[in-house]
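Everything on this sheet refers to the single structure shown next.
The values are calculated or read from the model by the stated rules, or taken from the named source; none is laboratory data. From a predicted model like this one, the values you see are computed outputs, not experimental measurements. Neighbour counts run over all protein chains shown; Cβ positions are idealised from the backbone, glycine included. We work out accessible area using only protein heavy atoms, side chains counted, and drop any ligands, DNA or RNA first. Shrake-Rupley method; radii C 1.70, N 1.55, O 1.52, S 1.80 Å.
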Amino acid sequence: MKFFQISNKKAIFFTIFIFCMLITPLKGAKTSVSSSSSSSDQQPELITYFKSTTLLKNPTIKDLQNQSRTSKINLFTSSDCSIWTKECSNEILKIAQKTEHVKWIKSVRRKIHEHPELAFQEFETSKLVRQELEKMEISYRFPLATTGIRAIIGSGQPPFVALRADMDALPIQEAVEWEHKSKIAGKMHACGHDAHVAMLIGAARILKAREKNLKGTVILIFQPAEEAGNGAKRMMKDGALENVEAIFAAHVSHQHPTGVIGSRTGPLLAGCGFFKAVISGKTGQASNPHHSIDPVLAASAAVISLQSIVSRESNPLDSQVVSVTSFNAGDNLDLIPESVTLSGTFRAFSTINFYQLLKRIREVFTEQASVFRCSATVDFFEDKDTIYPPTVNDDTMYEHVRMVASDLVGTTNFKVVPPMMGAEDFSFYSEVIPAAFFYIGIRNETLGSIHTGHSPHFMIDEDVLPIGAATHAAIAERYLNEYGS
């Protein structure tokens, strides 16, 4: 081994150089520790994580490394939720209430509100949903039922739990004057479906961020035509419930203050059907009624007899409704008409009672017509999918919603609600698999969010959006946690 002689001056410079090389990483490490300590005191913004998951065109190795690094640094530090605790629910709620997340979810809802689309015409709404799913790298099937979407988050393995949002608007002219008023004349999101879609997309974002925690698979169902076309039946026919063992959905409600959640076990919403009866006789001059067969008399008797179905044939503790809402015999004041057309609706809270009402309505019209020498035909529009069965909450799924809601918003902000005579096509899902439907309040007198659905003055308190997103996400994740392997 040979040694080289160096001068004292060179030795001094060499020593300084070595010292600088050693001290620099130590400073970097100190800075890193300090930064890490600081970040543990306050939770990082989730939006950074979501930006990192945007689909990249031909990503480079550097892009993927940066994406991975961003995900690890900015994704919240999660608790061990292998055994579910309230802290797990709190984590989800904190994500939903992040400033950037709230701003984003409101923007999604406002875009949908400005461009309402009727049943099976939700093309732009569906496109917006798919774009947001693609940004989050969430896979999906499209189309189902013309505009519907079935998205998937999780392991792809059982159990499978579904969350559903309806997308269609109503043929109503909006009367609310605000910056994001409907831009389509005669169409409006007057039942809150724009909020339903936004909350489910918000839940998708949360679930994607927590995907490693999912002990199974979450199915997101974005459904068309709840209002007027039985979109649920079409979605089911196209495979929306494939492998799904339970399903949940929410509806905004002006009856509860913003953020209050309500539901009940058993029948929640009534089965709903419509009818049109035509009673035919023989026309003639009113001055000589004996030369005619009067359908007006027969129709009048039928209307009276229909009321006895509920008052004398039904259990008074089991609410049912039969209402005749239209009676048309023409406008000739001196002529007994050839026929009379009557229309109406009927409601019941059990499937058995619902179809018993349908049977008895048909019998009353035909038999009462025959008493007065007339004939009758009754149309229940079954070929047009206007019959909705009752929405019945499964006991176990209801209890799951109650526990999740109590953790998120507090036990005092969960309400057991009475059954309502309204109808929902979510009922078709609840007929075939365990299901739970719940309300989430939007009532805020200060904002003017007090009007019932289907009103041109309907509006929502947008503070409900992050709460709804968190509720959806917690329902799904906790379900998989408790029913998964």
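Taking H placed 1.01 Å from N in the peptide plane, check which residues at least 5 places from Lys215 or on another chain put their amide H under 5 Å from its amide H.
Hits under the 5 Å cutoff: Asn481.
Which of the residue pairs Lys359/Lys384; Lys94/Lys215; Lys106/Lys208; Lys237/Lys359 have a Cα-Cα distance greater than 30 Å in the structure shown?
Table pairs above 30 Å Cα-Cα: there are none.
For region 259-304 and region 221-250, compute the distance between their C-alpha centroids and round to whole Å.
So the separation of the two Cα centres works out to 31 Å.
Suppose R0 equals 60 Å; then what is the FRET efficiency for Phe142 and Leu335 from their Cβ-Cβ distance, rounded to the nearest 0.05?
0.60
Can you tell me the length gained on complete extension of the stretch Arg110 to Thr411, counting 0.36 nm per residue apart and subtracting the Cα distance?
Gain on extension, Arg110 to Thr411, equals 105.3 nm.
So if I take the centroid of the Cα atoms in region 173-219 and the same for region 350-365, what is the distance between those two points in Å?
Result: 37 Å between the Cα centres.
Return the FRET efficiency for the residue pair Ser326, Lys359: r is the Cβ-Cβ distance, R0 is 22 Å, and the value is rounded to the nearest 0.05.
Values: r = 22 Å, r/R0 = 0.98.
Efficiency at R0 = 22 Å is approximately 0.55.
Under 5 Å between amide H atoms, partner at least 5 residues away or on a different chain: which partners does Ser253 have, H built in plane at 1.01 Å?
Ile440, Gly441, Ile442
Taking Lys181 as the anchor, which aspartates and glutamates have their alpha carbon closer than 15 Å to its alpha carbon, excluding any fewer than eight residues away along the same chain?
Lys181 reaches Glu114, Glu117, Asp194, Asp461, Glu462.
Hey, can you grab everything whose amide H is under 5 Å from the amide H of Asp294? Only 5+ residues off in sequence or another chain; H modelled, so Pro and N-termini drop out.
Correct list: Lys282.
If you place +1 on the Cβ of every Lys and Arg and -1 on the Cβ of every Asp and Glu, how big does the dipole about the Cα centre of region 138-243 come out, in debye to the nearest 20?
520
Of all accessible surface on region 141-263 at a 1.4 Å probe, what whole percent is carbon and sulfur? Intermediate results must be reported in sequence, preceding the final value.
Numbers: 1850 of 3640 Å².
It is 51 percent, rounded to a whole number.
Residue by residue, what Karplus-based ³J(HN,Hα) values in Hz, rounded to whole numbers, does region 371-387 have, using 6.51, -1.76 and 1.60 with θ = phi - 60° and x for Gly and Pro?
Taking θ as phi minus 60°, the curve returns 4, 9, 6, 9, 10, 9, 10, 10, 10, 9, 6, 5, 6, 9, 6, 9, 9 Hz for region 371-387.
What distance in nm separates the two pseudo spin-label positions at Asp383 and Ala185, each 7 Å out from Cα along the beta-carbon direction?
Once both label points are built, they end up 3.5 nm from each other.
Between Glu100 and Glu482, what's the calculated FRET efficiency when r is the beta-carbon distance and R0 is 35 Å? Round to 0.05.
The computed FRET efficiency comes out at 0.70.
So with the 1.4 Å probe, I'd like the accessible area per residue for region 108-261, rounded to whole Å².
Ligands and nucleic acids excluded, the result is 33 Å² per residue.
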